[in-house]
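Visitor: Mind having a look at this structure? Questions to follow.
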Amino acid sequence: MNVIALLLLLSGYPGQTVVVDIAFEPELEAVTLVWQSQEIHMASDNAGWFALLRVDLDVKPGPYEVDAVFRYAGNRQERRTLALTVTPKAYPTTRLTVEPKYVELSPENQQRAAQDRKRIDAAYATTAAEPYWSDAFIVPVAGVSGGRNFGHRRVFNDQPRAPHSGTDLTAATGTEVRATNRGRVLLTGEFFFNGNAVFVDHGMGVLSMYLHLSSILVAQGQLLERGELLGLAGATGRVTGPHLHWGVKVTGARVDPFTLPGFQ
Ligand SMILES: [Zn+2]
């Protein structure tokens, strides 16, 4: 295996998706990236090879290296390095007041939240390796161009909780919610914190979630086209009022949905 010097210089902040593009090369059959102990298999399209790297919210700013293994015809391999600079980003703190049952959980609700977590994690383990999508991602609510609170530190009824893992979009109860891109419905259901929720697998490690819905209009396993209606916004679960919580995970980490391809 030959080690070749630096291939690409990348930069991103915690909570960002970083697009990696590599040009076609003769006889190149596969490219695998290794980032934070995770193997990421690059996909190919008309333009070359691409992958989405995510910088999780708790990654410390500083210089990092991403290993890349290039596999060519005839079992030839080359190892290269991508430099990734993680730049700092300060997220504000939001203080919220919700029904006390969502902050001081009863034993029944603790159990329910733990069961929800297990069910969601089990679904996450069944995602597709190849991308279902090829076009840019879109905002799931018509007429909304930006989110407001991804990554905000959160204090519920004076108690600190995990940072906000998605972005809240303004949406009255009954507003149509559409798939951000092509994908398969991974899971639907009613959950303690999330309320009525739809989880969509876009393949290649990309998942989107639509929480607090008033109604769910799709079934598990269904293939959705980009922009297809999947539910109606509402105020179910841990909320202060009606809105759409739109979350995105890339290879297991929370990212700001507005850093996906199509928004930058
Ligand atoms: Zn939210």
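Visitor: ARG119: net charge of surrounding residues, Cβ under 12 Å, Lys/Arg +1, Asp/Glu -1, itself excluded?
Guide: Net charge in that neighbourhood comes out at 0.
Visitor: Report relative contact order for the chain in percent, whole number only (criteria: Cα-Cα under 8 Å, sequence separation at least 6).
Guide: For the chain, the relative contact order is 19 percent.
Visitor: So what is log10(I(q)/I(0)) for segment 52-121 at q = 0.26 1/Å, when the Debye sum runs over its Cα atoms only?
Guide: -1.11
Visitor: Add +1 for every Lys or Arg and -1 for every Asp or Glu among the other residues with Cβ under 12 Å from the Cβ of ASP45, and state the total.
Guide: Taking every other residue near ASP45 into account, the sum is -3.
Visitor: Once both axes come from the Cα atoms, what is the angle between helix 107-124 and the longest principal axis of the chain, in degrees from 0 to 90, rounded to 10?
Guide: 30 degrees
Visitor: Below 30 Å, Cα to Cα, which lysines can LYS89 reach? Residues fewer than 8 away in the same chain don't count.
Guide: Once the sequence-local lysines are set aside, what remains near LYS89 is LYS60, LYS249.
Visitor: Which FRET efficiency, nearest 0.05, do ALA83 and ALA219 yield, Cβ-Cβ r, R0 35 Å?
Guide: After rounding, the FRET efficiency stands at 0.20.
Visitor: Let me ask something additional. Excluding VAL248 itself, calculate the net charge of residues whose Cβ lies under 15 Å from the Cβ of VAL248, where each Lys or Arg counts +1 and each Asp or Glu counts -1.
Guide: Net of charged neighbours comes to +2.
Visitor: Next question. Ordering ILE120, ILE216 by how much accessible area each has at a 1.4 Å probe, largest first, what is the list?
Guide: The ranking, largest first, comes out as ILE216, ILE120.
Visitor: Express as a percent, rounded to the nearest 5, the fraction of DSSP beta bridges in segment 72-163 (both residues included) that run antiparallel.
Guide: Given both bridge residues lie in segment 72-163, the antiparallel proportion sits at roughly 50 percent.
Visitor: Thinking of segment 1-92 as a set of Cα atoms, what percent of all their pairs are more than 17 Å apart?
Guide: The answer is 50 percent, as a whole percent.
Visitor: Here's something else I'd like to know. Kindly report, to the nearest 10 Å², the accessible surface of HIS202 as traced by a 1.4 Å probe over protein heavy atoms only.
Guide: Rounded to the nearest 10, that gives 0 Å².
Visitor: Moving to a separate point now. So what's the convex hull volume per residue for the Cα atoms of segment 171-264, in Å³?
Guide: Enclosed volume per residue, from the Cα hull, is 92 Å³.
Visitor: Enter the Cα centre distance for the pair segment 227-253 and segment 90-149, rounded to the nearest angstrom.
Guide: When both Cα centres are located, 7 Å separates them.
Visitor: Given 5 Å bins starting at zero, what is the percent of C-alpha pairs of the chain in each, up to the one with the largest pair distance?
Guide: 1, 6, 12, 16, 17, 16, 12, 9, 5, 3, 2, 1, 0
The values are calculated or read from the model by the stated rules, or taken from the named source; none is laboratory data. Model, not experiment: these values are computed from the prediction. Positions of Cβ are backbone-derived with ideal geometry, glycine not excepted, and every protein chain shown enters the neighbour counts. Quick note on the areas: whole protein, heavy atoms, side chains included, nothing else; ligands and nucleic acids left out. Shrake-Rupley method; radii C 1.70, N 1.55, O 1.52, S 1.80 Å.
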